[in-house]
Amino acid sequence: YDFNVEKAKELLLINLEMRKKNPVIFDKRDVLNDSFQQAFRTFQICPLPKTTAENHKISIFRLVDSNPDNYVYTDICRMVVSMLDVRFVTEETNGELVDGEIGVIDLKGFGFKHLMKSASNLSVFRGYMKYVQEGAPFKIVQNHFVNPPPMIDKFMAFAKPFMKKEVIESIKFHSSLESLYDYLPRDLLPNEFGGSAGFLDDFNDEWVKTVISKR
């Protein structure tokens, strides 16, 4: 919000209002309870340590357990918003605010049953999408979906009505990692994504420790 106090105040009020309207994802967020720990084992959201030349922060989102029986959508959303809360009260490594957010969403292992579990929690999905687009303190500049499954068109048909135009325009699909490198330098990406920045699992382990420390 370019250090505009009035806009920052407006965003804060929207943020608080959305928390009140969506208690299912903003309440009962003890990161040490069983449902939270299962969510950690099922899904990763991990900000990478270095920013791009444009001062944009890259975060990786991916399933680490593709068993749909362990995919509890409400718990995943609760975990993600909790980690975002920690993300934005944690000082950047360079001591400065970033100018934008880049998401890399790995859809490997995401299947029809995962989609149906998301779709069956429509009010949760709607609340989550509204929060990340209107109430969270960041600017989305790019979203890259890698390893898209054959039913990605069905997922997008479900999700698009809840997306703002600028978010839809930020989305790129990559059937291989090679095309991702046209947008993001390989040296900033984790080894699991063909980069050289280090192992995502190591980054994630440290990040989860940070989240737990804010309990």
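The values are calculated or read from the model by the stated rules, or taken from the named source; none is laboratory data. Predicted, not measured: the structure shown is a model, and the values here were computed from it. All Cβ positions, even for glycine, are placed from backbone atoms using ideal geometry, and neighbour counts span all protein chains on display. The accessibility values were calculated without ligands, DNA or RNA, using every heavy atom of the protein model including side chains. Shrake-Rupley method; radii C 1.70, N 1.55, O 1.52, S 1.80 Å.
Descriptive notes on the structure:
- Flag for Lys172 being at pLDDT 95 or above and open to solvent by 30 Å² or more (accessible area, probe 1.4 Å): yes
- Met129 vs. criteria under 13 Å from the mean Cα position of the chain (by Cα), at pLDDT 90 or above and among the aliphatic types (A, V, I, L, M): yes
- The helices (runs of 4 or more DSSP H) falling completely within the stretch 157-215 that include 1 or more residues that are under 14 Å from Ile58 (Cα atoms) and of a type outside the set (A, V, I, L, M, F, W, C) map to 200-213.
- Summed over the stretch 5-40, residues that are of a type outside the set (D, E, K, R), in a loop (DSSP other than H, G, I, E, B) and open to solvent by 60 Å² or more (accessible area, probe 1.4 Å) total 1.
- Taking the numbered list (1) of a type outside the set (Gly, Ala, Ser); (2) open to solvent by 50 Å² or more (accessible area, probe 1.4 Å); (3) touching a Phe, Trp or Tyr at 6+ places or on another chain (Cβ under 8 Å) in turn, Glu166 passes all entries but (3).
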